Amino acid sequence: MKFFKEFKEFAVKGNMMDMAIGIIIGASFNSVIDVLVKKIFMPPLSLMTDGLNFQDRKYVLRDAITDAKGTITTQEVAIEYGFLFETTLDFLIVGLTVFIVVKAMNRLKDKAEDPKNTVVKTPKDIALLSELTNLMKEQNSLLKNK
(Lines give C-alpha, C1' and ligand atoms only; values in the text may rest on other atoms or scores of the structure.)
Protein backbone atom coordinates (compact mmCIF):
# COMPACT_ATOMS: atom_id res chain seq x y z
CA MET A 1 0.00 0.00 0.00
CA LYS A 2 2.86 2.36 0.74
CA PHE A 3 4.16 1.85 -2.81
CA PHE A 4 0.81 2.88 -4.31
CA LYS A 5 0.62 5.88 -1.98
CA GLU A 6 4.08 7.02 -3.11
CA PHE A 7 3.11 6.46 -6.76
CA LYS A 8 -0.06 8.52 -6.29
CA GLU A 9 1.97 11.36 -4.75
CA PHE A 10 4.45 11.14 -7.62
CA ALA A 11 1.70 11.27 -10.24
CA VAL A 12 -0.34 13.98 -8.51
CA LYS A 13 2.62 16.30 -7.94
CA GLY A 14 3.03 16.61 -11.69
CA ASN A 15 6.34 14.81 -12.06
CA MET A 16 4.79 12.16 -14.27
CA MET A 17 3.07 14.72 -16.49
CA ASP A 18 6.26 16.76 -16.78
CA MET A 19 8.14 13.62 -17.75
CA ALA A 20 5.49 12.58 -20.31
CA ILE A 21 5.48 16.03 -21.88
CA GLY A 22 9.27 16.01 -22.03
CA ILE A 23 9.32 12.62 -23.75
CA ILE A 24 6.71 13.67 -26.31
CA ILE A 25 8.49 16.92 -27.09
CA GLY A 26 11.82 15.08 -27.23
CA ALA A 27 10.48 12.61 -29.78
CA SER A 28 9.15 15.44 -31.94
CA PHE A 29 12.40 17.34 -31.52
CA ASN A 30 14.29 14.26 -32.70
CA SER A 31 12.24 14.23 -35.93
CA VAL A 32 13.01 17.89 -36.54
CA ILE A 33 16.74 17.32 -36.00
CA ASP A 34 16.68 14.27 -38.28
CA VAL A 35 15.16 16.32 -41.11
CA LEU A 36 17.49 19.24 -40.39
CA VAL A 37 20.57 17.04 -40.72
CA LYS A 38 19.46 14.83 -43.63
CA LYS A 39 17.64 17.41 -45.75
CA ILE A 40 19.34 20.70 -44.86
CA PHE A 41 22.97 20.13 -43.79
CA MET A 42 23.95 16.93 -45.61
CA PRO A 43 23.05 17.94 -49.21
CA PRO A 44 25.32 21.02 -49.27
CA LEU A 45 28.04 19.02 -47.52
CA SER A 46 27.71 16.30 -50.17
CA LEU A 47 27.78 18.96 -52.90
CA MET A 48 31.01 20.39 -51.48
CA THR A 49 32.51 16.91 -51.57
CA ASP A 50 31.55 16.26 -55.21
CA GLY A 51 28.20 14.57 -54.61
CA LEU A 52 29.47 12.20 -51.93
CA ASN A 53 26.65 10.74 -49.83
CA PHE A 54 28.07 10.32 -46.34
CA GLN A 55 25.46 7.73 -45.41
CA ASP A 56 26.86 5.37 -48.05
CA ARG A 57 30.47 5.72 -46.90
CA LYS A 58 31.92 2.46 -45.60
CA TYR A 59 35.08 0.44 -45.40
CA VAL A 60 34.44 -3.03 -46.84
CA LEU A 61 36.14 -5.83 -44.92
CA ARG A 62 34.66 -8.61 -47.08
CA ASP A 63 32.67 -8.24 -50.28
CA ALA A 64 29.33 -9.97 -50.67
CA ILE A 65 29.54 -13.37 -52.35
CA THR A 66 26.94 -14.24 -54.99
CA ASP A 67 26.19 -17.54 -56.69
CA ALA A 68 25.75 -18.15 -60.43
CA LYS A 69 22.12 -16.95 -60.30
CA GLY A 70 23.14 -13.65 -58.74
CA THR A 71 21.71 -14.47 -55.32
CA ILE A 72 23.75 -13.22 -52.38
CA THR A 73 25.04 -16.23 -50.45
CA THR A 74 27.28 -14.35 -48.02
CA GLN A 75 26.51 -10.83 -46.87
CA GLU A 76 29.01 -8.02 -47.17
CA VAL A 77 30.95 -7.18 -44.01
CA ALA A 78 31.71 -3.48 -43.76
CA ILE A 79 32.39 -0.71 -41.27
CA GLU A 80 29.84 1.97 -42.13
CA TYR A 81 31.58 5.09 -40.87
CA GLY A 82 29.21 7.36 -42.81
CA PHE A 83 26.48 6.62 -40.27
CA LEU A 84 28.90 7.56 -37.50
CA PHE A 85 29.61 10.88 -39.18
CA GLU A 86 25.92 11.60 -39.66
CA THR A 87 25.04 10.58 -36.10
CA THR A 88 27.85 12.75 -34.73
CA LEU A 89 26.50 15.67 -36.74
CA ASP A 90 23.01 14.94 -35.31
CA PHE A 91 24.47 14.97 -31.81
CA LEU A 92 26.27 18.27 -32.33
CA ILE A 93 23.15 19.94 -33.72
CA VAL A 94 21.01 18.62 -30.86
CA GLY A 95 23.60 19.74 -28.31
CA LEU A 96 23.85 23.21 -29.82
CA THR A 97 20.07 23.58 -30.05
CA VAL A 98 19.50 22.43 -26.48
CA PHE A 99 22.25 24.80 -25.28
CA ILE A 100 20.58 27.75 -27.03
CA VAL A 101 17.12 26.84 -25.66
CA VAL A 102 18.43 26.38 -22.09
CA LYS A 103 20.36 29.64 -22.30
CA ALA A 104 17.22 31.49 -23.41
CA MET A 105 15.14 29.85 -20.67
CA ASN A 106 17.73 30.77 -18.03
CA ARG A 107 17.70 34.36 -19.25
CA LEU A 108 13.90 34.48 -18.90
CA LYS A 109 14.09 32.78 -15.49
CA ASP A 110 16.67 35.31 -14.27
CA LYS A 111 14.40 38.16 -15.37
CA ALA A 112 11.42 36.58 -13.63
CA GLU A 113 13.34 36.03 -10.38
CA ASP A 114 14.60 39.62 -10.21
CA PRO A 115 12.23 41.36 -7.76
CA LYS A 116 13.31 44.80 -9.04
CA ASN A 117 12.29 43.96 -12.62
CA THR A 118 8.73 45.19 -13.09
CA VAL A 119 8.41 44.07 -16.72
CA VAL A 120 8.21 40.35 -15.89
CA LYS A 121 5.99 39.18 -13.04
CA THR A 122 8.10 37.79 -10.18
CA PRO A 123 7.07 34.33 -8.91
CA LYS A 124 5.35 34.39 -5.54
CA ASP A 125 8.10 32.50 -3.70
CA ILE A 126 10.78 34.89 -4.95
CA ALA A 127 8.63 37.91 -4.05
CA LEU A 128 8.08 36.56 -0.52
CA LEU A 129 11.80 35.91 -0.06
CA SER A 130 12.53 39.43 -1.27
CA GLU A 131 10.02 40.88 1.22
CA LEU A 132 11.55 38.81 4.04
CA THR A 133 15.01 40.06 3.12
CA ASN A 134 13.80 43.67 3.15
CA LEU A 135 12.08 43.19 6.53
CA MET A 136 15.23 41.64 8.04
CA LYS A 137 17.34 44.54 6.75
CA GLU A 138 14.88 47.01 8.24
CA GLN A 139 14.84 45.12 11.56
CA ASN A 140 18.66 44.99 11.69
CA SER A 141 18.93 48.71 11.05
CA LEU A 142 16.43 49.40 13.89
CA LEU A 143 18.41 47.15 16.24
CA LYS A 144 21.67 48.89 15.36
CA ASN A 145 20.18 52.30 16.13
CA LYS A 146 19.15 51.27 19.67
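The values are calculated or read from the model by the stated rules, or taken from the named source; none is laboratory data. Bear in mind the structure is a predicted one, so any value in this text is a computation, not a measurement. Positions of Cβ are backbone-derived with ideal geometry, glycine not excepted, and every protein chain shown enters the neighbour counts. Remember, those area values only see protein heavy atoms, side chains included, never the ligands or the DNA or RNA. Shrake-Rupley method; radii C 1.70, N 1.55, O 1.52, S 1.80 Å.
Quick notes
- Screening the range 73-111 for residues that are in a helix (DSSP H, G or I) and more than 25 Å from residue 26 (Cα to Cα) and picking the one that is modelled with the lowest pLDDT gives 111.
- Each residue in the range 44-74 was checked for being open to solvent by less than 60 Å² (accessible area, probe 1.4 Å) and either under 18 Å from residue 88 (Cβ atoms) or among the hydrophobic types (A, V, I, L, M, F, W, C) (or both), and 7 pass.
- Condition check for residue 102 on (1) out of contact with any helix residue (DSSP H, G or I) (no Cβ under 9 Å at 6 or more places or on another chain); (2) open to solvent by 90 Å² or more (accessible area, probe 1.4 Å); (3) not polar (S, T, N, Q): one failure, at (2).
Per-residue answers, yes or no, for (1) touching a helix residue (DSSP H, G or I) at 6+ places or on another chain (Cβ under 7 Å); (2) touching a residue at least 12 places away in the same chain (Cβ under 8 Å):
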position: 43; (1), (2): no, no
position: 56; (1), (2): yes, yes
position: 69; (1), (2): no, no
position: 72; (1), (2): no, no
position: 77; (1), (2): no, yes
position: 83; (1), (2): yes, yes
position: 87; (1), (2): no, no
position: 94; (1), (2): yes, yes
position: 98; (1), (2): no, no
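- Counting only residues that are open to solvent by 90 Å² or more (accessible area, probe 1.4 Å) and among the acidic types (Asp, Glu), the range 1-43 holds 2 of them.
- Counting only helices (runs of 4 or more DSSP H) that sit wholly inside the range 1-72, those with at least 1 residues that are among the basic types (Lys, Arg), out of contact with any Gly (no Cβ under 7 Å at 6 or more places or on another chain) and more than 26 Å from residue 96 (Cα to Cα) are 2-12.
- Selection count, the range 1-18, where residues are at pLDDT 80 or above and either within 28 Å of residue 90 (Cβ to Cβ) or of a type in the set (Phe, Trp, Tyr) (or both): 2
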